Amino acid sequence: MSLDSLDSPGSLDEQLARGFVLLPRLLGPAETAALGEAAESVLTRVTGKAPAGEADVAVWPDGHRLERVDGTTVHWEPEARPPAVRSLSPVTHLDPVLDALWTDERITAPMRRIIGGERLGRFTSKLNFKRAGVGSEFRWHQDYPYWYCCAGPDARDVATAMVFLDDVTADNGALMIVPGSHRAGPVPRDRAEPTGLLVDAARTDVRGAVTVEAPAGSVLMFPGLIVHRSGPNRTAHDRRSLLLCFQPAGRPELAGLPYHAERLADLP
Ligand SMILES: O=C(O)CCC(=O)C(=O)O
């Protein structure tokens, strides 16, 4: 979808049928700017304590560096020099402006329709920075396998609201989504890739993928089984987003669940 088609992305029911919902300009310019300022302030505080991957570091099998600070995981961009942060997760506990979105009816009302329950709980949150020129690709994946390793089959009920803090274009790393792909369940994973979590695009039909371009303040909602990717940011402007992942109320949050890599053996 392009910026031109945003005024008519379809009714909520039509959008739910294809598996993702785009709510253009759900947040106004002032509140979107306030979220951007909160994101930068959190990042400054966290990186002040985490100077470029030197404290409590884990190296993921694909070589990406993850660092734990203040209850968040700092995920560094693999190639950026000077170092740049790719994401912080979970993150909303670090700032009240970010935290307030969990109870914002503009987000929770459509999210209840996606999850199919009246009472929502938190699963996790993430700030993706996708910085100008260095924000890297995120290959085809479903969120489900990441979460299945922690939450088991309950991961099926997790869905994400992605709040765009900047305009999103194909050139700055817009999400590409395969409509209806959530209906196929877990799709084959690429066994040659070191994390074992990404989709095998040679064995998965991604031909109908759409690129979701949208102005800042728009919110994109999708379930953990939808197949999606995002490209690198080749522009001179950041493409930041805040992701809130919801689940039915009463279940443990991701941060409290151990990671069981061996559970991947259950999945195709
Ligand atoms: O922000 C991005 O580019 C990718 C987001 C995404 O696919 C994810 O976090 O699962």
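Annotations
- Two-site label geometry, His237 and Thr103: point separation in nm, points 7 Å out along Cα→Cβ: 3.4
- Accessible area of the chain belonging to carbon and sulfur atoms, whole % at 1.4 Å probe: 53
- Nearest-0.05 FRET efficiency for Asp13 and Ser41, computed from C-beta distance (R0 35 Å): 0.35
- The gain in end-to-end length when the Lys49 to Arg183 segment is fully stretched comes to 44.0 nm, 0.36 nm per residue minus the alpha carbon separation.
- Distant-in-sequence amide H partners of Asp166 (H built 1.01 Å from N, under 5 Å): Gly217, Arg240
- Charge dipole of the range 132-264 about the Cα centre (unit charges at C-beta), most positive-ward option of Thr169, Val210, Ala261: Ala261
- Within the chain, longest stretch clear of exposed GluC sites (Glu not before Pro) (DSSP loop, no more than 12 other Cβ within 10 Å): 138-268
- Inter-site label distance for His93 and Arg119 at 7 Å from Cα along Cβ, in nm: 2.2
- Computed accessible area, Lys49, all protein chains, 1.4 angstrom probe, square angstrom: 120
- The residues of the chain expose on average 44 square angstrom of accessible surface per residue, using a 1.4 Å probe on protein heavy atoms.
- A simple spin-label model places pseudo-atoms 7 Å from Cα toward Cβ; at Ala265 and Ala201 they are separated by 3.0 nm.
- With the cut-off at under 18 Å, measuring from each backbone N in the range 158-178 to a point 7 Å along the Cα-to-Cβ line of Ala33 picks out 164-168.
- Accessible area, probe 1.4 Å, largest first, for residues Ile177, Ile114: Ile114, Ile177
- Estimated dipole of the range 3-266 in Debye, rounded to 20 [Cβ of Lys and Arg +1, of Asp and Glu -1, Cα centre]: 380
- Descending principal axes extents, the chain, alpha-carbon based, whole Å: 47, 46, 39
The values are calculated or read from the model by the stated rules, or taken from the named source; none is laboratory data. Worth saying up front: this structure is predicted, and the values here are computed from it rather than measured. Heads up, the Cβs are rebuilt from the backbone with ideal geometry, glycines too, and the neighbour counts pull from every protein chain shown. Note: areas computed on protein heavy atoms with side chains; ligands, DNA, RNA excluded. Shrake-Rupley method; radii C 1.70, N 1.55, O 1.52, S 1.80 Å.
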